[in-house]
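Below: one structure, written as structure tokens.
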Amino acid sequence: MTTSDSTENLLARIAEALERLSPPTPSRPDFAAADAFVWRAEAETLAPVKKVSRVDVGLLRGVDYLRDQLLGNTERFARGLPANNVLLWGARGMGKSSLVKAAHAEVNARLGGTRDCFGLKLIEIHREDIESLPALMAVLRDADGRFIVFCDDLSFDGGDASYKSLKAALEGGVEGRPANVLFYATSNRRHLLPREMMDNERSTAINPGEAVEEKVSLSDRFGLWLGFHKCSQDDYLAMVFGYVDHYQLSAPEERIRTEALEWAITRGSRSGRVAFQYIQDLAGRLGRGLDG
């Protein structure tokens with residue numbers, strides 16, 4: 001064997017060893033498998049969701065203006081037109097996450113068969129996986145179609161620096177946010193961090209105005225803010241009877257009204273979530289399922 005052959009064999013063995021040490025190249029997601037996916041940060045993969053847990057957009061009562069705003073923004077994005085990242089914030093149980101999922105389904109139904117729709121996918125990322133957003137963006141950047149990355153119940157507490165990954169993914173960084181990606185988030189907090197944390201940082205800072213500027217500016221990355229507030233009694237009852245009609249539950253109207261109001265009193269609040277919990281109880285007592 002010549003010196004040249006020996007060197008080539010050595011280089012080949014080194015290359016093979018390096019290949020074995022290198023992590024496998026992640027497979028390209030099959031986006032045709034589903035309309036919705038969950039991001040698995042530990043494996044950097046997207047798991048298809050065969051059946052999304054959601055309600056029809058027509059069942060979301062008392063949020064007509066917010067619904068129209070979100071549907072319009074989502075439809076423009078699906079058509080390839082300019083659109084904003086969206087923060088849905090406010091009262092618990094008023095349908096923030098339900099509206100995101102319902103809007104995704106409604107826009108796909110409207111545009112699924114039209115020439116100017118690029119195909120809209122919903123990607124859920126869990127709050128604890130926010131630091132992996134750059135990896136998710138890398139997967140989506142060159143993919144066909146358009147993607148709404150959705151994080152439910154997003155907020156940050158003291159000492160949590162993962163918000164920086166979100167800021168970079170929304171607007172910052174050299175590459176910026178991919179043109180085929182929008183970020184939708186729900187939160188009980190308008191500024192995504194507790195008021196006492198902001199007040200504490202202001203009181204201990206040399207320049208109070210700048211102390212929380214970086215964290216508060218995170219909310220500014222969302223071009224569209226949709227605020228959800230506690231509903232009135234009339235809106236609450238409209239939600240209840242909307243579900244009654246949708247699921248075709250047969251019971252006297254006055255009985256339903258009385259029971260629904262008593263149910264809200266026991267819960268200490270009126271909301272879409274409380275309305276649906278009453279409907280579940282009513283359907284169970286009537287011996288009816290809620291598959292309709």
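The values are calculated or read from the model by the stated rules, or taken from the named source; none is laboratory data. Everything numeric here is computed off the predicted structure, so don't read it as measured data. Please note: Cβ atoms are built from the backbone with ideal geometry, for glycine as well, and neighbour counts cover all protein chains shown.
Quick notes on this structure:
- Output for region 43-62, where each listed residue is hydroxyl-bearing (Ser, Thr, Tyr) and surrounded by 14 or more Cβ atoms within 10 Å (Cβ to Cβ): 45
- Considering region 165-222, the qualifying helices (runs of 4 or more DSSP H), each wholly inside and each with 2 or more residues that are modelled with pLDDT of 75 or more and within 24 Å of residue 126 (Cα to Cα), run over 213-220.
- Residue 75 being acidic (Asp, Glu), over 27 Å from residue 277 (Cα atoms) and not in a helix (DSSP H, G or I): no
- Residue 288 buried (at least 19 other Cβ atoms within 10 Å of the Cβ), out of contact with any Pro (no Cβ under 6 Å at 6 or more places or on another chain), among the charged types (D, E, K, R) and outside any helix (DSSP H, G or I): no
- When 103, 83 are screened for being closer than 20 Å to residue 226 by Cα and crowded, with 23+ Cβ neighbours inside 10 Å, only 103 passes.
- Filtered residues of region 96-126 (kept if at pLDDT below 90 and either within 28 Å of residue 191 (Cα to Cα) or touching a Leu at 6+ places or on another chain (Cβ under 7 Å) (or both)): 117
- Those residues of region 138-164 which are touching a Leu at 6+ places or on another chain (Cβ under 8 Å), under 19 Å from residue 39 (Cα atoms) and modelled with pLDDT under 75, in sequence order: 163
- The requirement of being modelled with pLDDT of 90 or more and either among the aliphatic types (A, V, I, L, M) or not assigned by TED's automatic domain parsing to the domain that holds residue 148 (or both) is satisfied by residue 49.
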